[in-house]
Every structure is written in structure tokens, then in C-alpha cells.
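Quick notes on the structure that follows.
Values quoted throughout were computed directly from the atomic coordinates according to the rules given, and no laboratory measurement underlies them. Remember, it's a predicted structure, so these values are computed and weren't measured experimentally. Glycine also receives a Cβ, built like all others from the backbone with ideal geometry; neighbour counts cover every protein chain displayed.
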Amino acid sequence: MNHDAGRGRIEVITGPMFAGKTEELMRRVRRATIAGLRVLVVNHALDDRRGASTVSSHAGGRIPARSVNGSADLWRLVDGTDRTDGPGVGTLDLLAIDEAQFFGADLVPVAIDLAGRGVTVVVSGLCLTFDDQPFEPLPALMASAESVTKLLAVCAVCGADAAFHRRVDGTETAVPVAGEGAGAVVGNSLVAAAQHVGGAEQYQARCRRHR
Ligand SMILES: Nc1ncnc2c1ncn2[C@@H]1O[C@H](COP(=O)(O)OP(=O)(O)O)[C@@H](O)[C@H]1O
Ligand SMILES: Cc1cn([C@H]2C[C@H](O)[C@@H](COP(=O)(O)O)O2)c(=O)[nH]c1=O
Ligand SMILES: [Zn+2]
């Protein structure tokens, strides 16, 4: 029996923006580092809000990370195919991926494969778009995970628990629900795009009543 492979698992951290997903990912990375595990932290290149080579929280915490352009790039890095760069799966205990919603559905087989090879894959990302659609790959990863932590933010209107978020940058009325051409302003919420990247200037956490 291969006990190393048996140690692999997928841990999902999800919820709306501002819920503390990145802080929770950083906490798990810190614990793993203290335990002497070999850790790799990865962010998506689209998230360039505080520099490409960091994972950073809304409260200002940050840790160094490798920036990748997508799942294929991530796979090359982790697999060690690019020997100058990648650690190689055999030398990795924990892979932490932030902003997983930017990686698309291709992230799912990568996470499953790595977990099958003994790696703990911690994935943090949004499970809903700004117009309340299930945001892959998080729903599929949740289905395949050993552990799912869903965090809630604080509603910016009333202070209640917030499981949703809204755009507040003037494009919110253009969300493609009713109007023809509305999608042209904000783009398709299901497709990762630079115009969706943003923070408190662009998005607010909202409860069910105020979404
Ligand atoms: N509406 C809000 N609800 C909760 N926390 C908020 C809110 N706005 C700002 N914050 C701050 O954001 C921090 C969480 O940031 P972060 O871990 O980056 O969240 P996420 O990755 O889920 O977007 C909180 O600890 C708090 O300091
Ligand atoms: C709702 C929503 C958000 N985004 C972007 C906005 C931010 O750049 C990230 C989420 O960051 P956080 O660490 O969870 O606060 O994603 C998006 O691309 N699409 C959306 O629907
Ligand atoms: Zn509210």
C-alpha cells in the first residue's frame, strides 16, 4: 500500500469576497511551514492587485507566492517538468492555491491528480460570481474535496452574515440579467477577466436581503 498517496487530500476554502478566505489559507500555510512540511503557494497572474508574487488579504497580510497563468502553467510548475523552476510533486507536501476561480475548470483534474499522489491541495476561491452564478471550478472542487470551509463576510448594508457580493462601481445595473448588451459592459461573469479584478472600490459583501 502507498501510504504517501493516502495522505493526499483536497481542502476547499470558499465564500464571498471579504469573508477571510485568504487569511484562512495563509493560516494553513503558516501551520504547515511550522510543521516542517514542504509548501508551495500559488496565485493567478490575473490577481495583480498587490504585485504578482504575493498572496495578500484585504486586511494587509501577505505571503510570497508563485504567480502562474493558469492550470497548465501550474501543472508544469508543480510537476517539475520545467526543472529549473518546479519543485516536483515528490518534493511537495502542501500546495496552496489562492483565487482559484481564475483557473477555470482545468484546475479540477490537476487538484485530483496531485491529491492522488499524496499532496494536500488547499484551494481558496469564490464559489459565486457577482451575478450569483455558480463559479467553477469551486463547486466541482467542493464535490471532490475531503474538507470544505465556507466562510461568510459582513454585509456592507446591514451588518448581517454575507454569503454574496455585489459590484458597486457603477456597473451593477449593467449586470447581464435583463438588458440587451448589458454583458458588454461587465463581460461574462463566468469568464475570468482583468476587468473583474478588484477590491473594495469595486465590490461589497452583501447578505441575502441586500444582494
Ligand atoms: N465586509 C467585510 N466583511 C468581513 N471582513 C471584511 C469586510 N470588509 C473588509 N474586511 C476585512 O477583510 C478581511 C478578510 O480578507 P481576506 O482574507 O482577503 O478575504 P477574502 O479572501 O475572502 O476576500 C477581514 O479580516 C477584514 O479585516
Ligand atoms: C465577485 C467576483 C469577483 N471577481 C474578482 C474580484 C477580485 O479580484 C477576486 C476576488 O478576490 P477576493 O480575494 O475573494 O476578495 O475576484 C471576479 O473575477 N468575478 C466575480 O464575479
Ligand atoms: Zn444586509
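Considering only beta bridges that DSSP places wholly inside the chain, some 30 percent are antiparallel.
How much length is gained if the chain between ALA194 and LYS150 is pulled fully straight, taking 0.36 nm per residue apart and subtracting their Cα-Cα distance, in nm to one decimal?
On the way: separation 44, 0.36 × 44 = 15.84 nm, distance 2.53 nm.
Using 0.36 nm per residue and subtracting the Cα-Cα distance, I get 13.3 nm.
Compared with the alpha-carbon gap, the fully stretched path from ARG62 to THR171 is longer by 36.3 nm at 0.36 nm per residue. Could you please report the charge total around GLY199, scoring K, R as +1 and D, E as -1 over all other residues with beta-carbon less than 11 angstrom from its beta-carbon? Neighbour charge sum, excluding GLY199 itself: -1. Charge tally around ALA160: other residues with Cβ under 12 Å, Lys/Arg +1 each, Asp/Glu -1 each, net +3.
May I have the convex hull volume per residue, in Å³, for the Cα set of the chain?
Details: hull volume 25.7 nm³, N = 211.
Enclosed volume per residue, from the Cα hull, is 122 Å³.
The length gained on full extension between ASP132 and ALA72, counted as 0.36 nm times the residue separation minus their Cα-Cα distance, comes to 18.9 nm.
Using helices alone, I'd like the mean residue ellipticity at 222 nm for the chain: each DSSP H run of four-plus residues gives -39500 (n - 2.57), total over residue count, nearest 500.
On the way: 6 runs with 50 residues, N = 211.
The helix contribution divided over the chain gives -6500 deg cm²/dmol.
The overall shape of the stretch 11-128 is rounded: from the C-alpha gyration tensor, with semi-axes ordered a ≥ b ≥ c, the ratio a/c is less than 1.5. Charge dipole (Cα centre; +1 on Lys/Arg Cβ, -1 on Asp/Glu Cβ; no other charges) of the chain amounts to roughly 680 debye.
Would you mind finding the longest exposed-site-free stretch of the chain, with exposed GluC sites (Glu not before Pro) meaning DSSP loop and at most 11 other Cβ atoms within 10 Å?
Working: sites that count: GLU180, GLU201.
Longest run free of exposed loop sites: 1-179.
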